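Let me begin by presenting the structure, written as structure tokens, before commenting on it.
The values are calculated or read from the model by the stated rules, or taken from the named source; none is laboratory data. From a predicted model like this one, the values you see are computed outputs, not experimental measurements. Glycine gets a Cβ as well: all are built from the backbone with ideal geometry, and neighbour counts include every protein chain shown.
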């Protein structure tokens, strides 16, 4: 019996040393057991590598940055929908989620399904709100403070010991050993992501992460923990291994149950040498290392699509421990005509093999 084909739009095609989740999400969807896919890539820049990777995206469209406003985004998505009949849209960047959350009802009116956190869920897990989040859900978190000016930096010595972490509200985190380094990191991050800047107590230990999926009703559909084996200078995992860690899984289920989390998420923790767990961050979307979970037996992107389409989903009960992932660089060879077509017309067709009779 042939599987249905779904038209799925995916953002996050920047598969660089600071990779977006788009390509691993696409790889997972192409391995789905319950449906086939036609992938519509949504790109902000015309040099995002995922646009040109063979076998990934069927057609790419440029879309405006979230800073352009909701109206500009909806106008572009409306144009794309009239041509592509998108069934599900999966945004993969923190900075764009708020725009798509605001557009959720209108997208559904166009028969574009999403499965995103609520505004309350999205806001309460912000880095600036992490201390309150820890109190609300009974989870240990490092001491944190949001700052917005140089004047705040001098006062940090009254609350923090060095080294400490300097974080952007969306991305980037740097370790600072003195006020001068805080100023340098403050300038670098605020120029890129704006204010506030988050100052966080540095907890010594091993960084461990969980990729998870909540159904919005308090149920954990999938959860796979891993330990970073190699971390880049941008703080990104370049390799990792799945773990058997009941405490991490229990903390993940506790967060999803009590917050009734809706959608994909990444929970970042520090495990101290004494065996304590500190929650340092919650990313409100599928992380870039999600393909490790697929390799370990939990196709979380496939389950997310089924939830978006209101199809029944059975929670994953197991995963394989000791599965590893390692990222690598790869030189893509393309043609200037591809770049020109995307730059001039804002869209690019890639000829992939699929049965159009199923569409």
**Asked** Based on what the data block shows, is residue 313 under 19 Å from the mean Cα position of the chain (by Cα) and either modelled with pLDDT of 95 or more or crowded, with 24+ Cβ neighbours inside 10 Å (or both)?
**Response** no
**Request:** Within segment 306-339, work out how many residues are under 20 Å from residue 91 (Cα atoms) and part of a helix (DSSP H, G or I).
**Result:** 3
**Item:** Scan of segment 224-255 for residues that are assigned to a strand (DSSP E or B) and under 11 Å from residue 212 (Cα atoms), ordered by number
**Value:** 224, 225
**Prompt:** When segment 18-65 is examined, which residues are found to be surrounded by fewer than 19 Cβ atoms within 10 Å (Cβ to Cβ), without any contact (Cβ under 8 Å) to a residue 40 or more places away in the chain and not in a loop (DSSP other than H, G, I, E, B)?
**Reply:** 30
**Request:** Among residues belonging to segment 157-201 that are within 20 Å of the chain's Cα centre (by Cα) and part of a loop (DSSP other than H, G, I, E, B), point out the one that is surrounded by the most Cβ atoms within 10 Å (Cβ to Cβ).
**Result:** 168
**Request:** Please enumerate the residues belonging to segment 143-156 that are out of contact with any strand residue (DSSP E or B) (no Cβ under 9 Å at 6 or more places or on another chain) and exposed (fewer than 12 other Cβ atoms within 10 Å of the Cβ).
**Result:** 149, 151, 154
**Prompt:** Restricting to segment 82-95, what's the tally of residues that are assigned to a helix (DSSP H, G or I), in contact (Cβ under 8 Å) with a residue 24 or more places away in the chain and in contact with a strand residue (DSSP E or B) (Cβ under 9 Å, 6 or more places away or on another chain)?
**Reply:** 2
**Asked** Since residue 303 meets every condition but one in (1) modelled with pLDDT of 95 or more; (2) part of a loop (DSSP other than H, G, I, E, B); (3) surrounded by 10 or more Cβ atoms within 10 Å (Cβ to Cβ), which condition does it not meet?
**Response** (2)
**Request:** Select from segment 99-133 the residues that are over 24 Å from residue 218 (Cβ atoms) and without any contact (Cβ under 8 Å) to a residue 12 or more places away in the chain and list them in ascending order.
**Result:** 109
**Message:** residue 234 - would you say it is crowded, with 17+ Cβ neighbours inside 10 Å, under 22 Å from residue 270 (Cα atoms), at pLDDT below 95 and assigned by TED's automatic domain parsing to the domain that holds residue 290?
**Reply:** no
**Complete:** Of those in segment 271-295 that are assigned to a loop (DSSP other than H, G, I, E, B) and free of Cβ contacts under 8 Å to residues at least 40 places away in the same chain, the residue farthest from residue 216 (Cα to Cα) is 274
**Among the residues listed as 341, 298, the single one being without any contact (Cβ under 8 Å) to a residue 12 or more places away in the chain and surrounded by 11 or more Cβ atoms within 10 Å (Cβ to Cβ)** = 341
**Given (1) assigned by TED's automatic domain parsing to the domain that holds residue 34; (2) at positive phi, number of the condition residue 260 does not satisfy** = (1)
